[in-house]
Each structure stands twice: as C-alpha cells, then as structure tokens.
Amino acid sequence: MTNYRFIGKSTQRKDALDIVTGKAKFINDFTLPDMLYGKVLRSPLPHANIKSIDVTEAKSFPGVKAVLTYKDVPDWMAGSAPQHVRILDSKVRYVGEAVALVAAETEDIGAEALRLIKVEYESLPAVYDVEEATQPDAPQLYEKFPRNILPQGIRVFGLHPLQEVVIGDIEKGLEDADFVIEGTCSYENIPNPMPPESPAVIAAWEGPDTLNVWLGSQGPHIVKVALEKWMGSINIRSVGYSVGASYGSKYMSWQYTMPAAALAQATGRPVKLSYGKAEHLAAFTVRLGSRIHGKVGIKKDGTVTFLSGDWLVNTGAFSEASQAMVAVGCGEAQLILRCPNWSFKPKVVCTNRTASGQVRGFGGQELKCALLPILALGMEKAGIDPVDFFKRNYVKPGEGYYWRDGEWWVCEGIDYTKAIEKGAETFGWKEKWKGWLKPTSVKGAKRRGVGVGIHGNADAGEDVSEAFVRLETNGTAIIYCGLPEHGTGQRTNICKMVAEILQIPLDRVSVTPADSLVNPVEIGPVGSRGTYAIGSAVIAAAEDAKEQLFEKVARNLKVKPEDLETLDGMVYVKGKPEARISWGKGMNYSGTCLGRGRFESDFSKPNFMMIFTEVEVDTTTGKIDLIRVVGATDVGQIIDPLCLTNQLDGCLGSAGIDSALFEEAVLDTRLGRIMNLNMIDYKWRTFAELPEMEHVILETPFSTHRFHAIGVGEITPSPGPPAVLMAVSNAIGVWMHDYPLTPDKVLSSLGKIAATKRGERA
Amino acid sequence: MTRQEKKFSGVALEGKHRINLTVNGQLYELAIGRGAGKVNPSDTLSFTLRETLGLTGTKVSCDSGACGACTVLMDGRAVLSCMMLSIECDGKEVTTIEGLKDPKTGELDPLQQSFIDHTAFQCGFCTPGMIMSSKALLNDNPSPTEEEVKEALSGNFCRCITHYHVVDAVMDAAKKGVESK
Ligand code: FES
Ligand code: FES
C-alpha cells in the first residue's frame, strides 16, 4: 500500500476550530440588513379545497409587509416528474401544506398575523394507504395523476430511465425453482431523517431577474439549476452554508426556497424563512413508504431462479424525486441478487400525508427494507445461511445490471467477498447463527438473535462534477468546488487530495465557499459520490494545474516537464536538489495556473456495506435492546480514518437502523395528522443506549481512482433495518415484518396481546 | 401586543425595567421591552443570546427542551437556554461556547481541543451543546466513568451519530485534566 503524506492519515478537519468555538456559520446564524421574516400558515386538513381566504386583517397588522395566498403567488411549478407542485394552491393535500405566506418585521409579528387569516375549507375525503389510493373510487389528489399513480417513462435520468426490472422469463424461473415463496413486507413507518437544523433560507432579489439565496442545502448548485428551470428565465446565485446535517433531505430545497423567493419578490426586501421543529417534522421530507408483494423462486442450493413482484411506493402528497429514487432502487436490487429472471414493477403513488423525498439511501434503503425480509423467507425454505447467500449473490466484477439510466452496466469494481467474510468473522457469525427463527441464546425471558443486511450503490460514480484548482505564487492552492460541508468532512478531504498531489502542507490548501457564482458545476455530495466523483474532478484539476506549472518551469530551467517534481511550494529537477525554483518564480509572479477537472458519470463501480446485528428481546415486556452492530465495507483507500468511522457510526441515526426499532411518524388516519411532531414523542437514540459498535474496513485498491478509493458514502445505514428485523425474528422464533418493532408488536407476535392495526388505538 | 407578550405580561417583574446578565464575563444591562437591543418578556435566553447579543454559537434545534443543542452554563451548571425566559435570568452568570476559551491566553478549553483531536463532530450543529454539557459534567466530576459520561450527555441529541467519538473525546479530556493536576 502506498504511504501517503495526508491520505489515510488522521488530520484536523479544516472547520474543526470554528465548530468547537461556535464560530461555524449555519444559515440561522446569518442575517441581512433590512431582512424580513417569512411565516407559513399551514393546513389543518389532509385534503380540502380552499373556499375562501380573507387576509385583510393580517395585512393591516402593524409590521406585516406582505400576505400571499394562492391568488397572488407566481405560477412556479416544482416536483418531479412532471412538475405538479405549486408553492400555494387552491387545494391542500396534507395536514401541514402551505395555505398562506406572511412576511413581517419579526417572527412574532408574522406568527400573530397567521392567526388573523381566515380560511374556509371544503373538506374532501382523504386516502393514506398506498393500495387504497390506486382504487378507482379513491379520492384523487391531482387531476393529472389518475388513480394517484405518477407516470412512468419520465426523463428523470436521461431518455430511458430505469422504471422496472424485467429480465428473462418468470415461467422458466418457476420451473427451475425447488421452492416458491410469496410474501408481503412493508417499510411504511415514514421515518424522518430529522437533521438537528431545520430547513432555512434567505432569499433576496437584485432587480427583477436575479435571485440570491443563502441556505444550508446539501447541493447548493442543484438548487440553482432546479430553480432556474422552474422559475422561468432568471439568474440564481445560490450560496451554501455549513449544513446542520441533511441526510439527503435538504438537497433540492425548493420546498422552502420558492416561498421565500415569492415573499422577497412581493416585498422587495430580503426574507428569511426558517422552519420551526414542528413544521420541519410535519411538512418536510420523510422517507418513502415501501411495500412489496413479492414472489421468489429458489433452489435447494440457494440459487434464486426468479423474482417477481409489485413495489408500491407511497410518496405522500407529492413527489420530490420519487421516480428517480425508484430507478436507483431497482438498480440496487440487482446488485444484491444474482438472478436470471425478473419481473419487478414499481408504482409511485400519491396519498394525503406529508410528502416523501430524498433521504440517505435514496430509494435503495426503502427497497431493501421490504425486499430482504421476503428473500429471507426463501432462504429459510432452502435452509441457506444469509451470509452465504449474500456472498454468492452480491455483484462481482464482470457481472452486469441495469442502472438508473436504463443502460446495462458491467461491474468493473472489486469483489467484496473478503469484506463479507471478515465482517462475519469479526461479528462471530458462525458461532451465533443457529438457523432460521432460532435464537442465539435464551436466558429466562431474554432471548438473543442475530441478523444481517446488505446494500450497495453504483452511484458512487454518478453525474458530473467540475472543479478548478488555482496555484498561487506564494505556494498555496485554492480549490474551486461547489461542495458544502454536511458532516462527512469532505471539504477537508478534497484538500487532502490536492495537498497530496501538490505535496504542500494541508494548511496551504483551501476551498472556495459553496457559491454558485464562483464555482463550476457540482451536483453535490449525494449518492455516495463524494470520494469517487467529486474527488476525481478535484484531483484532475490539481494534476492539470501541476502540469501547467511544470511546463512553465521546464521552459525556465530548460528541462522536460517530466523531469520535475514539487515539494512544499518549490519545484525541483528530479535527482538534483540544488536545481530548484519556487512556484512564484516559476510563474514569474504573474499569470495563473488554473487547472480544470471534470468527472463524467460511470456506473460500473458499486460500493458496498454490510451490517450484522445482535439484539436481545425481553419477551415479558416486548422491549428490544440492540446489543451489537458490526459494519463491514471495503473503501479502496481510507482518506480520513476518523471521518470514516463517524460516517459508519451514522448507521444508527438519520432514519437508519433505529427505523426498525422505534422511529416512526405516527399518522392518525382519522385526522390525517402526524401525532408526534416534536423531539420527545419522535423517538431517537440517546447516549445511554448505545450498542457496541465495530467496523471492518478493508482497503482493496480501486484502480480507477488516483488514490484507489471508492468510499462508502450514504449507504452506511441502509442494510441495518432489515438486519434488525431478521435478528428479532430469530430471537423470538416468529417472523416479524412490521417496522418499527415496538414492544406491543413483539408481544402480539408472541401471542401475548391482541394485535392492533396501524393508525388504530389499542 | 403579540400573543406571546399577552401570555407573559402576567409575569411579576417586580417593577424592574432592566435585567443584568453576565455572559462570558461581560456584564450586559438589558432594558425590558420591545425593540432593538431590548429583552421582551417572552424572549427565551437562547433568543437573547443569539438574536440580541449576536452570540450565535449556541444552537437551537427543537426549541422545546428535548435536544440539548442550546445548552449553556448558568452559574456553572448546564441549562437549556431555550427553556428559560431571559427575564428570569437577572443577575445570572452565563457561559456559552464562545466563552470557553481562556479569555487571557485565547487557549482552547481542553474539551474543545479534545473534540478537535477526536473529530467528535460531523455536521457540528449539536457540538456546542455537547461541549457545554460535557463541561458541566467535568466541573462536577473531573474523572467520570464512561457510563457517567453517557448519562450526562443523554439529553443531547446527535443525529449524525457522533456519540462514540464524543465519549472518547470527553474521557480523553478528563484523563488529561486529571493527569495535569
Ligand atoms: S433547542 Fe433547547 S433543548 Fe432543543
Ligand atoms: S454532529 Fe450532526 S447532529 Fe451531532
């Protein structure tokens, strides 16, 4: 393994000092002179027409500068795809949907003005269940979506995005199978990624056609691209702040940015729109609901002969990017399952609850949570150990899959078998695994069980990144890259990559703010693309800059560029330490070396994550304790060990593993309301309940990355929830398929109490 | 009058027109009332710190006492600044994350240094609250066990799951603190 100066070493994060001293700026720490505050009146009903709306009193309240209703907002349309969401509409489709917007001198005044708005609603019947919503007589949310089904074949990713997996011949698969099992599993507890910082933005217009937005988005550049597309011919400058975490949810960000832009336009002043926590939980991104009716054919030796099924995807009141998420999910299903015959058909459906959108795992986690338990039924029938099953099935170099763009890709990555084996060994799988629905140990009322899950994503090489690297005459380098810091340390990691290439101390490399006016195109740190895609663009820019520098120096010293090397801001002729020249002299103290780098999509390199869990179930109380978690991955090359373990530890949170245990948005289907819109009733893991956590991190070099890295990215939580489901089922000896596995469900599975249906009271 | 003002107009202010608040060693005399630089009776301490005094290092997440993001020290003990009204803090001494550095030397508090050394943050939004809660713990109990650290921090929400690094950072700071005595 190469011994690098920075790569693979623990280095201080560039923003570390700011973070621990309170100087790091998040969007709510920032104000503009003359700024107003936006407030949103939200619907108390899940489905209704607005019959009348009277804002006279609110408008005349002192300190109120604008009140907007559906009658006076611009006709900007968002949502994907096709666009179907207005900032304000004459109809509301979920409890919490925006009904009116207020801009006022203070937040208090704005809040008071909301109370003065009088709305008369005509209540409509509502629907929450993904299958009921597709019935002919179901309430319809949008005229353009008959039976509430979003259209397929929409160009979310190129001309022919993947919208289903249909390969081979199911009949043939049926013939070849020794066992055929059928099952339904749902991941429909609508977990909330719940970043600590709620969504917030400041919008300010410069003249009629330029809009500036400052926000904590995970993809500030994509905000610019999306808004420019949806708001007509205007220029947008989007500036990203430190992201108070996002976990995917604050990527597109139009849901809060467009209303702020409308208020800023109406008042001619900057407007900050900052959600409170209840608003955040009631009216911002939750996970997709995912239900699979599946059928699997399997041979005695564990070979899968076919998979058929319907994947019902509940996107709530609108789709932020659901068809795109379904496309990625369909691709990811194939990465974990080597199977010749597929007929797997998704349907994206609207219902009357808050909308689902992008969350860490992007469709893949939602898919796995419902699919793996069905596959487990097949494994049980065939008596196959799940670790062996995954080892056999996870995509290997040379094997192919349809990816989100609808194209057939052949894996050119690495074989992850070693990571699986090492993970199993570290966990002690062989000793703990006693067979399907068999506990690992029983002590009185306490039963332990183990389970395992798997996930991988070929999006590590998705989309385009561009970056510039500028060498300064004083021996420093600046990276121009629209990458915001959202917690993974990626802004520091790209500095490490550049410092490594240019061989200068890390403190001599800096990154521009994530400002779209300054930086080239950057899709952002999503889809696990930080290390591979963004990293590769930055690396290419640094190499280009170095080349330009060497050309200049070579002319100067009358040698060939390839005879040169650089260290700490000096350029040397190889083997002649006395023949040296500083960067400044080399550039004649005038002129710039501006390197340019670009990365193009490449879906041939899946990454990998496996999670082993051990749980203890108290069969008297139904309480489940997560005892131990072992994660296994192969990252090619570690960039920063502490940032990596942080990211891997993240498997518990952000609607990850704990969404199998206790996380859920409790929807009361009589009122259409989510009942736990605060951080006490929405459960989260505390320090007092941390499981033992261990990571197996292999470094098998990835030949196509300058530092042989692929990273792990967003996928760290995704294999977790089905692993927990498996562990609990094994512990208690009964299949449990209903996330989250709250004590009441455990007890009813054990036949100790009567079962209740979701949304009903016990 | 806004709704909140009405709600709090019943609080007995005992004829006071201003409050004295010491923040990070500096005394602020704040007039009670409405308008720039004043303290509204409905203002929470976190609001006053952030919006009136510009000390934005203290973060607000849930704004309802559930997450610990807004933790500051009041007379040496950890309190949730979103759950206190500023007018109730008359005469109190408050330390925020901005005041943890040594005021004379500018040196970081050993806890801050330890959080840096262990990369005990991801997004960093929960970090000021984490550090202040840890500080209160170490003030009380300079050499806590790992269990005690976890117990003391169990009111601090971290969605990125930096808990493991935070525990290491606090234990390490405690160890070094005891060694240097
Ligand atoms: S913001 Fe004060 S406890 Fe959450
Ligand atoms: S570091 Fe992000 S919430 Fe704790």
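Take segment B:136-154 and flag every residue that is open to solvent by less than 40 Å² (accessible area, probe 1.4 Å) and either within 16 Å of ligand 1 (Cβ to nearest atom) or among the basic types (Lys, Arg) (or both). Selection gives B:136, B:150, B:153, B:154. Within segment B:48-84, being more than 13 Å from ligand 1 (Cβ to nearest atom), more than 17 Å from residue B:131 (Cβ to Cβ) and buried (at least 24 other Cβ atoms within 10 Å of the Cβ) holds for one residue alone: B:48. For segment B:160-172: of the residues being within 12 Å of chain A (Cβ to nearest Cβ) and open to solvent by 10 Å² or more (accessible area, probe 1.4 Å), which is farthest from ligand 1 (Cβ to nearest atom)? Taking the candidates together, the pick is B:168.
One residue stands out in segment A:716-762 among those that are open to solvent by 60 Å² or more (accessible area, probe 1.4 Å), farther than 30 Å from residue A:646 by Cα and among the charged types (D, E, K, R): the one that is modelled with the lowest pLDDT, namely A:761. Candidates B:147, B:98: the one that is more than 27 Å from residue B:29 (Cβ to Cβ), facing chain A (nearest Cβ under 10 Å) and more than 16 Å from ligand 2 (Cβ to nearest atom) is B:147.
Taken over segment A:527-575, the criterion of being surrounded by fewer than 23 Cβ atoms within 10 Å (Cβ to Cβ) and in a loop (DSSP other than H, G, I, E, B) is satisfied by A:558, A:559, A:560, A:568, A:569, A:574, A:575. In segment B:63-84, the residues that are on the phi < 0 side of the Ramachandran plot and of a type outside the set (Ser, Thr, Tyr) form Cβ pairs under 8 Å with partners that are part of a strand (DSSP E or B) and within 16 Å of ligand 2 (Cβ to nearest atom), at six or more places apart or across chains, as follows: B:78/B:71; B:79/B:71; B:80/B:71.
Looking only at residues in segment A:582-611 that are out of contact with any Asp or Glu (no Cβ under 9 Å at 6 or more places or on another chain) and either modelled with pLDDT under 95 or of a type outside the set (A, V, I, L, M) (or both), the one that is nearest to residue A:333 (Cα to Cα) is A:591. Annotation note: of A:283, A:262, A:278, the sole residue that is within 20 Å of residue A:199 (Cβ to Cβ) and within 14 Å of chain B (Cβ to nearest Cβ) is A:278. Scanning segment B:110-133 for residues that are farther than 12 Å from residue B:59 by Cβ and more than 11 Å from ligand 2 (Cβ to nearest atom) yields a total of 9. Taking strands (runs of 3 or more DSSP E) as the structural unit, those lying wholly within segment A:319-422 and holding at least 2 residues that are of a type in the set (A, V, I, L, M) correspond to A:342-350.
Residue-level check: of (1) modelled with pLDDT of 95 or more; (2) more than 15 Å from ligand 1 (Cβ to nearest atom); (3) open to solvent by less than 40 Å² (accessible area, probe 1.4 Å), residue B:177 misses just (1). Applying the condition of being outside any loop (DSSP other than H, G, I, E, B), in contact (Cβ under 8 Å) with a residue 12 or more places away in the chain and among the polar types (S, T, N, Q) to segment B:22-44 and asking which residue is farthest from ligand 2 (Cβ to nearest atom) yields B:22. Residues considered: A:653, A:631, A:636. Of these, the only one that is part of a loop (DSSP other than H, G, I, E, B), out of contact with any Phe, Trp or Tyr (no Cβ under 7 Å at 6 or more places or on another chain) and small (Gly, Ala, Ser) is A:653.
Of everything in segment A:602-631 that is out of contact with any strand residue (DSSP E or B) (no Cβ under 7 Å at 6 or more places or on another chain) and open to solvent by 20 Å² or more (accessible area, probe 1.4 Å), the residue that is nearest to the other protein chains (Cβ to nearest Cβ) is A:623.
Identify, from the list A:591, A:595, the residue that is in a loop (DSSP other than H, G, I, E, B) and outside the structural domain of residue A:402 (by TED's automatic domain parsing). One residue alone meets the criteria, A:591. For residue A:677, indicate whether it is touching a residue at least 24 places away in the same chain (Cβ under 8 Å) and either outside the structural domain of residue A:655 (by TED's automatic domain parsing) or open to solvent by 10 Å² or more (accessible area, probe 1.4 Å) (or both). Against the criterion (touching a residue at least 24 places away in the same chain (Cβ under 8 Å) and either outside the structural domain of residue A:655 (by TED's automatic domain parsing) or open to solvent by 10 Å² or more (accessible area, probe 1.4 Å) (or both)), residue A:677 qualifies. Go through segment A:227-253 residue by residue and tally those that are away from ligand 2 (no atom under 16 Å from the Cβ), in contact with a Gly (Cβ under 9 Å, 6 or more places away or on another chain) and open to solvent by less than 10 Å² (accessible area, probe 1.4 Å). Number of matching residues: 2. Does segment A:632-661 hold any residues that are within 8 Å of chain B (Cβ to nearest Cβ) and β-branched (Val, Ile, Thr), and which are they? The one that is within 8 Å of chain B (Cβ to nearest Cβ) and β-branched (Val, Ile, Thr): A:645. Summed over segment A:164-221, the residues that are acidic (Asp, Glu) and either within 14 Å of chain B (Cβ to nearest Cβ) or within 17 Å of residue A:251 (Cα to Cα) (or both) give a count of 1. Selection of segment A:255-273 for residues being closer than 19 Å to residue A:219 by Cβ and either not in a helix (DSSP H, G or I) or not assigned by TED's automatic domain parsing to the domain that holds residue A:40 (or both) yields only A:273.
The values are calculated or read from the model by the stated rules, or taken from the named source; none is laboratory data. All of these numbers come straight from a predicted model, not from anything done at the bench. Neighbour counts are summed over all protein chains in view; Cβ atoms, including those assigned to glycine, are modelled from backbone coordinates with ideal geometry. Surface accessibility is based on the protein's heavy atoms, side chains included, excluding ligands, DNA and RNA. Shrake-Rupley method; radii C 1.70, N 1.55, O 1.52, S 1.80 Å.
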